[in-house]
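Reading through the structure tokens given below for one structure.
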Amino acid sequence: MTKNWPSLLTIGVFFGTCTSAVAETPADFYRGKEINFIVSSAVGGGFDAYARLIARHISQFIPGRPAIVVQNMPGAGGVRAANFLYSVAPKDGTSIGIVQNTVPVEPLYGNKQALFDSVKFNWLGSPNEETAVLAIWHTVPVQTVKDAKTHELTIGASGGMSSSAFFARVFEEVFDIRIKVIPGYKGASEAMMAMERGENDGNTSAYWSSLKSTKPDWIREKKIKMVFQYGARPHSELRDIPFAMDIVHDPRKRDLLMVASAPLGLGRPILAPPDVPRDRVSALRNALSDTFKNSDYLAECSKQRLDCDIPASGEEISKRVSVVYNASTEVSARIRALYNAGQK
């Protein structure tokens, strides 16, 4: 009986093809290709500025030097772009994105539009971390958290679901202070200007980077007081301002504050879809890290007045996202309740 063995030529072609596929390096893959860089906001905003700046520099650090094409995909506070990257975008390393730092926690908050598992994304890094402060006008008779326990603060906000209103509810619970939220402002800048007019006492979630760039005179002339700062870590420029985690001693309240403030440590997170080959994820992470250290990139950051001095690695972002989703059931439920209380 004669067996139909495959020819040597067929075997050679088969193993040659397998060897070629297995041996394909990130440089082999990316050479001649484009990477689609999704921005979860409209053209002209801060996220768009960071994305286009990074796009101008990162290609030289990616093996194969692919072209970078920026595409804006605003909608649902960044959730639309995240949904696209999770379920629709190719999972081969040719699609990445930059999203608002609240996007990774939207599933935790119970947002039914967030159709993704944040832990499964490949987090690549962030050009900065954010630090926020509880900022109040200099005439308000409050210097410390202890003072705020007996003097009710009025805080301006755009609405009940805004970050200022959310953190007002968090701080009431964590610090046992009294805060009255005045909603209806068009945005944070309008609420801050109303503070100067005496319409409210301050803002619970004023970004230090924004204050430096938009209100340097307020800082220089000490027109605002910063009761405490919060975020992933104390900011080196705010050495005299208490770090919120250092003045909370109840373990449950510390966990609550840690989860609530976690998005600040994410800065402006850059991500790739799930299931991208590991070597390409590593190549993208390394390229982003090299970009953040590049002198030409940093010079452009300075020229555009973008905050680029505290970048975060993909590994750091991944760990911070995991910490949020490893919080206790009690803390997660309480954060969700505080967040959704703004809908009432």
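Tell me whether the range 82-90 contains one or more residues that are over 21 Å from the mean Cα position of the chain (by Cα) and either surrounded by fewer than 18 Cβ atoms within 10 Å (Cβ to Cβ) or within 28 Å of Lys215 (Cα to Cα) (or both).
Filtering the range 82-90 down to residues over 21 Å from the mean Cα position of the chain (by Cα) leaves 88, 90.
Cutting the leftovers down to either surrounded by fewer than 18 Cβ atoms within 10 Å (Cβ to Cβ) or within 28 Å of Lys215 (Cα to Cα) (or both) gives us 88, 90.
Yes, there is a match, as at least one residue in the range 82-90 is over 21 Å from the mean Cα position of the chain (by Cα) and either surrounded by fewer than 18 Cβ atoms within 10 Å (Cβ to Cβ) or within 28 Å of Lys215 (Cα to Cα) (or both).
Residue by residue, here is whether (1) in contact with a strand residue (DSSP E or B) (Cβ under 7 Å, 6 or more places away or on another chain); (2) in contact (Cβ under 8 Å) with a residue 60 or more places away in the chain; (3) over 17 Å from Arg280 (Cα atoms) holds:
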| position | (1), (2), (3) |
| --- | --- |
| Arg52 | yes, no, yes |
| Ile58 | yes, yes, no |
| Ile62 | no, yes, no |
| Pro66 | yes, no, no |
| Pro74 | no, no, yes |
| Gly77 | no, no, yes |
| Arg80 | no, no, yes |
| Ala89 | yes, yes, no |
| Ile96 | yes, yes, no |
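Residues considered: Leu124, Leu134. Of these, the only one that is open to solvent by less than 10 Å² (accessible area, probe 1.4 Å), more than 18 Å from the chain's Cα centre (by Cα) and farther than 20 Å from Pro74 by Cα is Leu134. Tally time: how many residues in the range 178-213 are part of a strand (DSSP E or B) and either of a type in the set (Ser, Thr, Tyr) or open to solvent by 20 Å² or more (accessible area, probe 1.4 Å) (or both)? Matching residues across the range 178-213 total 6. Within the range 99-118, residues that are farther than 13 Å from Leu266 by Cβ sit with their Cβ atoms under 8 Å from residues that are open to solvent by 40 Å² or more (accessible area, probe 1.4 Å) and of a type in the set (A, V, I, L, M, F, W, C), at 6+ positions apart or across chains, in these pairs: Gln113/Ala76.
Here Asp275 passes the criteria (1) open to solvent by 70 Å² or more (accessible area, probe 1.4 Å); (2) modelled with pLDDT under 95; (3) closer than 24 Å to Val79 by Cβ except the one numbered (2). Select, from Ser118, Ser164, Ser126, the only residue that is within 19 Å of Pro183 (Cα to Cα) and hydroxyl-bearing (Ser, Thr, Tyr). Matching residue, one of Ser118, Ser164, Ser126: Ser164. Being modelled with pLDDT of 95 or more and open to solvent by less than 50 Å² (accessible area, probe 1.4 Å): is that true of Val69 here? Spelling it out, it is not the case that Val69 is modelled with pLDDT of 95 or more and open to solvent by less than 50 Å² (accessible area, probe 1.4 Å).
May I ask you to verify whether Asp307 is of a type in the set (Asp, Glu) and either open to solvent by 50 Å² or more (accessible area, probe 1.4 Å) or more than 30 Å from Gln60 (Cβ to Cβ) (or both)?
No, not satisfied.
Considering only the range 305-342, state which residues are of a type in the set (Ser, Thr, Tyr) and farther than 18 Å from Asn101 by Cα. Ser328, Thr329, listed by residue number.
How many residues does the range 287-344 hold that are more than 30 Å from Gly110 (Cα to Cα), modelled with pLDDT under 95, of a type in the set (Gly, Ala, Ser) and touching a Ser or Thr at 6+ places or on another chain (Cβ under 9 Å)? Within the range 287-344, residues that are more than 30 Å from Gly110 (Cα to Cα), modelled with pLDDT under 95, of a type in the set (Gly, Ala, Ser) and touching a Ser or Thr at 6+ places or on another chain (Cβ under 9 Å) number 0.
Quick grid of which residues meet (1) exposed (fewer than 10 other Cβ atoms within 10 Å of the Cβ); (2) modelled with pLDDT under 95; (3) more than 25 Å from Ala287 (Cα to Cα):
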site: Thr2; (1), (2), (3): yes, yes, yes
site: Leu8; (1), (2), (3): yes, yes, yes
site: Val13; (1), (2), (3): no, yes, yes
site: Cys18; (1), (2), (3): no, yes, yes
site: Val22; (1), (2), (3): yes, yes, no
site: Pro26; (1), (2), (3): no, no, no
site: Arg31; (1), (2), (3): no, no, no
site: Phe37; (1), (2), (3): no, no, no
site: Ala49; (1), (2), (3): no, yes, no
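Here is a list of conditions, (1) touching a helix residue (DSSP H, G or I) at 6+ places or on another chain (Cβ under 8 Å); (2) within 14 Å of Met192 (Cα to Cα), and His138 meets all of them except one; can you say which number that is? Every condition holds for His138 apart from (1). Taken together, the residues in the range 214-230 that are open to solvent by less than 20 Å² (accessible area, probe 1.4 Å) and in a strand (DSSP E or B) amount to 5.
Where in the range 244-344 are the helices (runs of 4 or more DSSP H), entirely inside, with at least 2 residues that are of a type in the set (D, E, K, R) and in contact with a strand residue (DSSP E or B) (Cβ under 9 Å, 6 or more places away or on another chain)?
Because the criterion is at least 2 residues that are of a type in the set (D, E, K, R) and in contact with a strand residue (DSSP E or B) (Cβ under 9 Å, 6 or more places away or on another chain), the helices (runs of 4 or more DSSP H) in the range 244-344 that meet it are 278-293, 314-325.
The values are calculated or read from the model by the stated rules, or taken from the named source; none is laboratory data. If you're wondering where the values come from, they're calculated on a predicted model, not measured in any experiment. A quick note on method: Cβ atoms are made from the backbone with ideal geometry, for glycine too, and the neighbour counts reach across all protein chains shown. In case anyone asks, the SASA skips ligands and DNA or RNA and just uses the protein heavy atoms, side chains included. Shrake-Rupley method; radii C 1.70, N 1.55, O 1.52, S 1.80 Å.
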